[in-house]
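The values are calculated or read from the model by the stated rules, or taken from the named source; none is laboratory data. Predicted model only: the values in this text are computed from it and were never measured. Counting neighbours? That spans all protein chains shown, and the Cβs are built from the backbone with ideal geometry, glycine included. Quick note on the areas: whole protein, heavy atoms, side chains included, nothing else; ligands and nucleic acids left out. Shrake-Rupley method; radii C 1.70, N 1.55, O 1.52, S 1.80 Å.
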Amino acid sequence: MVHRSWSSCIAIFLVTALPHVVFGQMAGLVGGTGSERETADEGGVTTLPTLDPAVAEGYITIEGRAEVRVKPTDIRVVLAVTSEAETAEKCQQAINTSIDRLKEAWSRIGIGPEKIVVDFIAVLPRYQWTPEKRGNEDVEVEKKTGHVMQTNVHLAAKSEAEARAALEQALSQGITDIIAFDYWSQDLDEVKVKVRGLALKAARDKAELLLSAMSGDRPPVINVQEHTAVRYPESLYHSFTNVADDAASGYAGIHRRDLPFIKAYRPRNTYYRGLYVDGDVQPHGLPMTPEISVISTVRLYYRSPAAAASKERHTPEGK
C-alpha cells in the first residue's frame, strides 16, 4: 500500500532549459479548462516539507515510479437494441429482426458469430396519462399502453479499424445506442511484472546516487512497499464546456429585463488526454491513441544513520 504522505523524502529536481515558446496561442486554446495536472507553489514546483526530528532520525524513504503504455489486444463494443410495442412478444420479434440484420451486415465484413454475444436486459411496462371523467371531476389516469424491451449486443474486436467498421454497419441498421467501448490487453500480467522491475530499478538507482551524500557505510533496507495500478483508456478522456461568458447579458437598453433568457446549447468537448504521471520512468511520445497505462510505485525504507543515537537519547536510564 502506498501512502500519499511521506515519512521522509529525498528528491531530485531536474531543471531543463526550454526553448522560447513560439506558438503561445495554441496553449490558450485549452487553457483554463480544468486540467488535472497537479501544481503546487509558484511555477508548479513542489517544495519539500521539513521533517519531524523523530521521523528524520528513524528512517529514509526513496521512491521509484514507472509507467508503461500497452496497446490493446481486444476491444469490446456494447450496443443496445431497444423496441417499443403493445406486447412483449412484439417487442421481442422486433429486436430479433434488428439483431439478425446486424449480424448479417457484420458477416459481410468478416465478423463471425463467435465474436458476438447477445445479452437480454429487461422488458418493462409503458404507461401513458389519459384524461377521464370521475364523477364531476376531470382527472388524468395512468394506464398501461405497452412494453419497452432492451437487449445488448457485445462485440469482441481485435483492432480499432474492426470496431469502427462494425459501428458503421450498426449505424446503417439504425442501431445508435453505444453503451460501452472497452479496451483490454492479454499481456497485462507480463507488463505488470516488467513495470514493477522498472520501478524497483529506479528506486535503487536513485538510492545509489542520493545515499552517496552520506558518510560511512550504506544504511540497510528495513522495509519495502509496492503498488501497481492499471488505467484503461475509457477513464483517460477529458470533457469540458468551453465558453466565454457574455458580460453584457441583461444590460438595460439591449435586452428587456422582463423577458426570460434562453441560452444557446453549448456542447461539451471531449478528447483523449491520456495519463501524465510524475515518474522516474515515463513513456516516450504523446498519448495520441487510446492505450492502457500500467503504473508501478516501489518505496524503499532505509534505516537512518542517526537511528541508533536517537534510540539512546530517548531510552530511559537502566532500560
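Applying the condition of being of a type in the set (Val, Ile, Thr) and buried (at least 18 other Cβ atoms within 10 Å of the Cβ) to region 288-297 and asking which residue is farthest from HIS238 (Cα to Cα) yields THR297. Whether a residue is of a type in the set (Asp, Glu), at pLDDT below 95 and in contact with a Phe, Trp or Tyr (Cβ under 9 Å, 6 or more places away or on another chain) was assessed, and GLU140 passes this test. The listed residues are ALA308, ALA264, and the only one of them that is at pLDDT below 90, open to solvent by less than 80 Å² (accessible area, probe 1.4 Å), more than 30 Å from GLU208 (Cβ to Cβ) and out of contact with any helix residue (DSSP H, G or I) (no Cβ under 6 Å at 6 or more places or on another chain) turns out to be ALA264.
Got a number for residues in region 143-163 being assigned to a helix (DSSP H, G or I) and loosely packed, with under 12 Cβ neighbours inside 10 Å?
Here is the first cut: in region 143-163, the ones assigned to a helix (DSSP H, G or I) are 160-163.
The next check asks that each one be loosely packed, with under 12 Cβ neighbours inside 10 Å; those that pass are 161.
Final tally of qualifying residues: 1.
Can you find a residue in region 274-287 that is within 24 Å of GLU63 (Cβ to Cβ), at pLDDT below 80 and surrounded by 12 or more Cβ atoms within 10 Å (Cβ to Cβ)? The answer is no, given that none of the residues of region 274-287 is within 24 Å of GLU63 (Cβ to Cβ), at pLDDT below 80 and surrounded by 12 or more Cβ atoms within 10 Å (Cβ to Cβ).
Looking at region 111-142, which of the residues that are open to solvent by less than 100 Å² (accessible area, probe 1.4 Å) and free of Cβ contacts under 8 Å to residues at least 12 places away in the same chain is nearest to SER159 (Cα to Cα)? Per the stated criteria, the residue is GLY112. The residues of region 184-226 that are open to solvent by 90 Å² or more (accessible area, probe 1.4 Å), closer than 30 Å to MET288 by Cα and not in a helix (DSSP H, G or I), listed by number, are TRP184, GLN186.
Scanning region 168-182 for any residue that is loosely packed, with under 15 Cβ neighbours inside 10 Å, assigned to a loop (DSSP other than H, G, I, E, B) and touching a helix residue (DSSP H, G or I) at 6+ places or on another chain (Cβ under 8 Å) turns up at least one such residue.
Filtered by the rule that a residue be of a type in the set (D, E, K, R) and in contact with a strand residue (DSSP E or B) (Cβ under 7 Å, 6 or more places away or on another chain), region 271-287 gives ARG273, ASP280.
Quick check: anything in region 83-92 open to solvent by 70 Å² or more (accessible area, probe 1.4 Å) and in a strand (DSSP E or B)?
Looking for residues that are open to solvent by 70 Å² or more (accessible area, probe 1.4 Å) and in a strand (DSSP E or B), one finds at least one in region 83-92, hence yes.
Answer yes or no as to whether ILE75 is open to solvent by less than 20 Å² (accessible area, probe 1.4 Å) and touching a residue at least 12 places away in the same chain (Cβ under 8 Å).
On the way: open to solvent by less than 20 Å² (accessible area, probe 1.4 Å): yes; touching a residue at least 12 places away in the same chain (Cβ under 8 Å): yes.
Against the criterion (open to solvent by less than 20 Å² (accessible area, probe 1.4 Å) and touching a residue at least 12 places away in the same chain (Cβ under 8 Å)), ILE75 qualifies.
Table: residues versus (1) touching a helix residue (DSSP H, G or I) at 6+ places or on another chain (Cβ under 9 Å); (2) more than 24 Å from MET149 (Cβ to Cβ); (3) free of Cβ contacts under 8 Å to residues at least 60 places away in the same chain.
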{"position": "VAL70", "(1), (2), (3)": "yes, yes, no"}
{"position": "LEU79", "(1), (2), (3)": "yes, no, no"}
{"position": "GLU86", "(1), (2), (3)": "no, no, no"}
{"position": "CYS91", "(1), (2), (3)": "no, no, yes"}
{"position": "ALA94", "(1), (2), (3)": "no, no, yes"}
{"position": "SER98", "(1), (2), (3)": "no, no, no"}
{"position": "TRP106", "(1), (2), (3)": "yes, no, no"}
{"position": "ILE109", "(1), (2), (3)": "yes, yes, no"}
